[in-house]
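Asker: Have a look at this one before I ask anything.
Derivation of every value follows stated rules applied to the coordinates shown; laboratory data play no part. Quick caveat: nothing in here was measured; it's all calculated off a predicted structure. Please note: Cβ atoms are built from the backbone with ideal geometry, for glycine as well, and neighbour counts cover all protein chains shown.
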Amino acid sequence: MNIGAYFKRIKYKGPGVPTAETLRKLHRAHNLTVPFENLDIHLGRPIVLDEEQLFDKIVRQKRGGFCYELNGSFASLLRAVGFNVTMLSARVFLDGKMGREFDHMVLLVLLKKRWFADVGFGALFIEPLWFDDKSEQVQRNIAYRIRRYGRDKWKLLERKAGSPWNAVYQFDLIPRKLHDFDKMCLWHQTSPKSWHTQNRICTRATPEGRITLSGMKLVIRRYDRRSERVLSTKKEYAEALKTDFGIKILKDEWGQA
């Protein structure tokens with residue numbers, strides 16, 4: 001792990017020491033610079049959960065990725081800095097239905113307090129949550145809470161923008177390894193039932209809100225304002241990827257997308 005190269009990729013200039021403040025700043029920097037994107041699935045490129053390959057894609061190629069890639073790579077960075085990090089399996093709620101085991105990866109970081117990190121969901125909290133805080137934790141006018149769910153080993157992340165509370169995902173506290181997510185990573189890449197094979201997305205948090213390229217629609221949220229436009233050509237799409245996300249797609253690759 002080349003910590004310096006990773007820090008440069010996410011434009012982080014603070015100290016590399018395992019403190020809560022460092023964690024907060026690294027989590028925020030990652031969200032602001034590395035997009036959540038599933039372009040490789042639509043380009044026919046296999047996604048392999050290997051730490052070196054993830055580093056090459058995210059840091060050297062300046063790409064993004066989906067949950068296993070982003071949280072897997074972020075976990076490697078945190079460990080290299082000196083953090084105690086545990087990967088956890090989560091099951092995402094989509095249209096009222098709960099996904100499968102290993103549907104999503106989240107991170108538990110142990111300091112004097114336990115912190116909950118997730119830079120791989122697409123649009124969620126921009127800074128880590130205090131895991132054992134039973135009250136609401138508000139970020140960007142959205143409230144989050146982690147509570148017990150059913151049996152003691154299960155936890156539930158909920159969020160609320162206005163009302164009511166909505167379940168995001170359920171998870172347990174069983175430590176996992178990166179390769180434990182291999183099967184579901186392949187399923188998300190290949191199954192016609194996967195959200196990722198049905199939708200092409202690239203999204204990144206900004207200091208003022210979020211910018212998202214969903215299909216051919218470019219949506220920009222800045223504070224309470226929202227604007228969108230539909231891109232009409234492959235050239236416009238490629239330019240948006242390069243300008244707004246720093247991603248370069250070659251012409252022959254774009255022909256497959």
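Asker: Between helix 20-33 and the chain, what is the angle of the helix's C-alpha long axis to the longest principal axis, kept within 0 to 90° and rounded to the nearest 10?
Answerer: Relative to the chain, helix 20-33 is tipped by roughly 20 degrees.
Asker: Sort all Cα-Cα distances of the range 64-215 into consecutive 5 angstrom bins from zero, then give the percent of pairs in each bin up to the one containing the longest distance.
Answerer: 2, 8, 17, 23, 22, 17, 9, 2, 0
Asker: Rounded to the nearest 500 deg cm²/dmol, what is the calculated helix-only ellipticity per residue at 222 nm for the chain, with -39500 (n - 2.57) per DSSP H run of length n ≥ 4?
Answerer: Values: 9 runs with 75 residues, N = 257.
Helix contribution divided over all residues of the chain: -8000 deg cm²/dmol.
Asker: Another question, then. Give the share of C-alpha pairs in each 10 angstrom bin for the range 1-53, from 0 to the last occupied bin, in whole percents, shortest bins first.
Answerer: Percent of pairs per bin, in order: 20, 41, 29, 9.
Asker: Here's a follow-up. To test your reading of the geometry: what angle, between 0 and 90 degrees and rounded to tens, separates the Cα axis of helix 67-81 from the longest principal axis of the chain?
Answerer: 60
Asker: Still on this structure, I have one more. Among the aspartates and glutamates, which have Cα under 18 Å from the Cα of residue 217 when same-chain residues fewer than 8 positions away are ignored?
Answerer: By straight Cα distance, residue 217 reaches 37, 228, 236, 239, 244.
Asker: With 20 Å as the limit, write out which pairs from 193/242; 25/134; 97/193; 62/242; 112/160 have Cα-Cα distances beyond it, or answer none. Before the final figure, lay out each step's value.
Answerer: On the way: 193/242 29 Å; 25/134 23 Å; 97/193 13 Å; 62/242 11 Å; 112/160 28 Å.
With Cα atoms farther than 20 Å apart: 193/242; 25/134; 112/160.
Asker: On to the next question. Arrange the following residues from fewest to most other Cβ atoms within 10 Å of their Cβ: 106, 119, 92, 138.
Answerer: By the 10 Å Cβ count, ascending, the order reads 138, 92, 106, 119.
Asker: For all pairs of alpha-carbon atoms in the range 161-252, what percent lies in each bin of width 5 Å, listed from the first bin to the last filled one?
Answerer: The percentages, shortest bin first, are 2, 10, 14, 15, 18, 17, 13, 8, 2, 0.
Asker: I would also like to ask the following. Could you grab the Rg to Rh ratio for the chain? Cα atoms only, Kirkwood for Rh.
Answerer: Taking Rg over the Kirkwood Rh, I get 0.94.
Asker: Quick one: compute the contact order of the chain, relative version, from alpha carbon pairs under 8 angstrom and 6+ residues apart, as a percent.
Answerer: So the answer I get is 19 percent.
Asker: Can you sort 103, 133 from fewest to most other Cβ atoms within 10 Å of each residue's own Cβ?
Answerer: 133, 103
Asker: Follow-up question, since we're still on this one. Among 62, 13, which comes first, second and so on when ranked by fewest other beta-carbon atoms within 10 Å?
Answerer: In increasing order of surrounding Cβ atoms, one gets 13, 62.
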